[in-house]
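Reviewing the structure listed below.
The values are calculated or read from the model by the stated rules, or taken from the named source; none is laboratory data. Source: prediction; values computed, not measured. Note: ideal-geometry Cβ built from the backbone for every residue, glycine included; neighbour counts use all protein chains shown. Please note that ligands, DNA and RNA were not included when accessible areas were found on the heavy atoms of the full protein model with its side chains. Shrake-Rupley method; radii C 1.70, N 1.55, O 1.52, S 1.80 Å.
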Amino acid sequence: MPIALLVIDMENAFFEDPALSEQRERIVTACNRLIAAARESGAPALIVRTEHERDRSTWTLSMLDDDQGFAFRGTEQAQSLAELDTEGLPELVKRRDSAFVGTDLLARLSAWGVDTILLSGVSSHLCLAQTAADAFAHNIRAAFAAEAMGADVPDQADAMLDVVLAAYRQRKLSQDEAIALLAGDPAPLG
């Protein structure tokens, strides 16, 4: 079962939120452990970042409704967190919650021969959940690395993950299970 690690939205803009800022050290530490495990096993790892244009052409409906954009291309907000180990890893820029929408993610996964993705980063109930739902639509299995993800509204995250996990037969894994999966052990998905 070829697997890829997706590290989603671990960038400055999202950690301006006080609730995520409090979780920053835990999430980054767990993501860095997963990145190290992916490197060790030879599994592809991909840094996925959100980035928008100032001219409003890439803004979501909520950004348009609020007349407020963020994570603009070329700004500090749109950069990965300094302590995240991104060295040598490919990046994918997205403009919607799902890493599949408007990107070449599906083509990359196909080129890597990947049929399973391990999701980490923020926010659990938005970008990770939407990417997982779209993975299911493409017949790609998804698992969530519980310790390597966070949300600004934990109750919403738990509720959304309950739906995604049940409806799409996905799994929420401990850090040890996620590392075992990256090492090639399919048991955590069993």
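In the set (1) surrounded by fewer than 17 Cβ atoms within 10 Å (Cβ to Cβ); (2) farther than 15 Å from ILE35 by Cα; (3) touching a residue at least 60 places away in the same chain (Cβ under 8 Å), the condition left unmet by ALA151 is number (1). Among the residues of region 103-132, the ones that are open to solvent by 20 Å² or more (accessible area, probe 1.4 Å), in contact (Cβ under 8 Å) with a residue 12 or more places away in the chain and not basic (Lys, Arg) come to 7 in all.
In region 158-179, the qualifying residues are those that are farther than 24 Å from ASP85 by Cβ, touching a strand residue (DSSP E or B) at 6+ places or on another chain (Cβ under 8 Å) and of a type in the set (A, V, I, L, M, F, W, C), and the one that is most open to solvent (accessible area, probe 1.4 Å) is LEU165.
Scan region 108-129 and tell me whether some residue there is more than 13 Å from ARG49 (Cα to Cα), among the polar types (S, T, N, Q) and modelled with pLDDT under 95. Within region 108-129 (the criterion being more than 13 Å from ARG49 (Cα to Cα), among the polar types (S, T, N, Q) and modelled with pLDDT under 95), the answer is yes, since at least one residue qualifies.
Residue pairs whose Cβ atoms lie under 7 Å apart, sitting 6 or more positions apart in sequence or on different chains, and linking a residue in region 42-55 that is open to solvent by 10 Å² or more (accessible area, probe 1.4 Å) to a partner that is polar (S, T, N, Q), are ARG49/SER80.
Scanning region 90-102 for residues that are open to solvent by 40 Å² or more (accessible area, probe 1.4 Å), outside any strand (DSSP E or B) and among the hydrophobic types (A, V, I, L, M, F, W, C) yields one hit, VAL101. Considering every residue within region 25-41, establish whether at least one is more than 19 Å from LEU181 (Cβ to Cβ), modelled with pLDDT of 95 or more and either touching a strand residue (DSSP E or B) at 6+ places or on another chain (Cβ under 8 Å) or surrounded by 12 or more Cβ atoms within 10 Å (Cβ to Cβ) (or both). Within region 25-41 (the criterion being more than 19 Å from LEU181 (Cβ to Cβ), modelled with pLDDT of 95 or more and either touching a strand residue (DSSP E or B) at 6+ places or on another chain (Cβ under 8 Å) or surrounded by 12 or more Cβ atoms within 10 Å (Cβ to Cβ) (or both)), the answer is yes, since at least one residue qualifies.
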